[in-house]
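One structure is given below, encoded as structure tokens.
The values are calculated or read from the model by the stated rules, or taken from the named source; none is laboratory data. None of the values given here were measured: they were computed from a predicted structure. Virtual Cβ from ideal backbone geometry, glycine too; neighbours counted across all protein chains shown.
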Amino acid sequence: MIAYRVLAALAVVLATACSPPRDRWPRVGLDDCHALIQYVALGDSTVEGVGASRPDLNYVSRLHARVRARYPNARVTNLGVGGATSADVMARQLDRAVKRQPDLVTLSIGPNDITRGIPVAQYERNLDAILGRLRHETTALIVVNLLPDLAVTPRFARGPQVDVVGRQTALFNEALARKAREHGVELVDLYLPSREEVPAQPALLWRDGYHPSDAGYARWAELMWEGVAARLPAC
């Protein structure tokens, strides 16, 4: 019953969160295909690329390659660190990101908050602070992703915490969707695809049964690119 309630709530929030007002679309830099585009990635081990066989095969590098196909002068700064929480992004990554004055920012954070027992209310406050600074101190196109469903990964699927982890993942995603809507940032759904694809395609996960594999990062980048491309102006 809880799972159906949360999925229904997410569907409602996603319907509004995925269409930011046009006046919040990027206005600087991205309308010039020959401009020097700065892409900054914030987040945890999935941003750093744990599970990828090479650095160029993580989702950030794959997404950067897609961006470069449109903007040949695009540069990437990957600030992701394994084990990072939303508080770590605030304390150790956000200042560096703002100083880069990026044109594109991706943010993926939350699983470590869940596994460390951070209350969803605190996570939501941290998201509010992160997205607020990015919105007010940069002109970047900001893209955030819903968390994949941790409960379908082998690390948790057959363990005693599966119900708790599944419920917390959904609640954290509700918070993510609310903040994406409030701040007018692009929201990419990794939650529903993960629920459908991970159980059917074990090769999407690395040998630890938790982090994405090369194939998983390729799929992640594909989904993220759909969110980025939807907000890129013609140039």
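Do we have residue 195 as under 30 Å from residue 54 (Cβ atoms), basic (Lys, Arg), part of a helix (DSSP H, G or I) and in contact (Cβ under 8 Å) with a residue 40 or more places away in the chain here? Write out each step before concluding.
On the way: under 30 Å from residue 54 (Cβ atoms): yes; basic (Lys, Arg): yes; part of a helix (DSSP H, G or I): yes; in contact (Cβ under 8 Å) with a residue 40 or more places away in the chain: yes.
So residue 195 passes the test.
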Requested in this report: Please specify each residue of segment 221-235 satisfying the condition of being of a type in the set (Gly, Ala, Ser) and modelled with pLDDT of 95 or more.
Outcome: 221
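Do you know which residues across segment 191-207 are crowded, with 20+ Cβ neighbours inside 10 Å and either under 16 Å from the mean Cα position of the chain (by Cα) or of a type in the set (Phe, Trp, Tyr) (or both)?
Keep residues of segment 191-207 that are crowded, with 20+ Cβ neighbours inside 10 Å, which gives 191, 194, 198, 204-205.
Hits for segment 191-207 are 191, 194.
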Query raised in the report: Are there any pairs with C-beta distances below 7 angstrom linking a residue in segment 92-106 that is farther than 16 Å from residue 70 by Cβ to a residue that is in a helix (DSSP H, G or I), with the two at least 6 apart or on different chains, and if so which?
Result: 94/130; 94/133; 98/133; 98/137; 105/97; 105/134
Requested in this report: Within segment 26-68, work out how many residues are modelled with pLDDT under 95, among the aliphatic types (A, V, I, L, M) and more than 18 Å from residue 100 (Cα to Cα).
Outcome: 0
Query - Flag for residue 118 being surrounded by fewer than 23 Cβ atoms within 10 Å (Cβ to Cβ), part of a loop (DSSP other than H, G, I, E, B), at pLDDT 95 or above and in contact with a Ser or Thr (Cβ under 9 Å, 6 or more places away or on another chain) - result: yes
Requested in this report: Consider only pairs whose beta carbons are under 7 Å apart and that are at least six residues apart or on different chains; among these, list those whose first residue lies in segment 125-154 and is touching a residue at least 12 places away in the same chain (Cβ under 8 Å) and more than 21 Å from residue 74 (Cα to Cα) and whose second residue is assigned to a loop (DSSP other than H, G, I, E, B) and among the small types (Gly, Ala, Ser).
Outcome: 147/110; 153/209; 154/209
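In segment 141-181, how many residues are assigned to a loop (DSSP other than H, G, I, E, B) and at pLDDT 95 or above?
Kept after step one, since they are assigned to a loop (DSSP other than H, G, I, E, B), are these residues of segment 141-181: 146-149, 153, 158-161.
With the extra rule that they be at pLDDT 95 or above, the set shrinks to 146-149, 153.
Residues in segment 141-181 being assigned to a loop (DSSP other than H, G, I, E, B) and at pLDDT 95 or above: 5 in total.
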**Report entry** segment 208-221 - residue that is in contact (Cβ under 8 Å) with a residue 60 or more places away in the chain and over 25 Å from residue 175 (Cα atoms) and, of those, surrounded by the most Cβ atoms within 10 Å (Cβ to Cβ)
**Finding:** 213
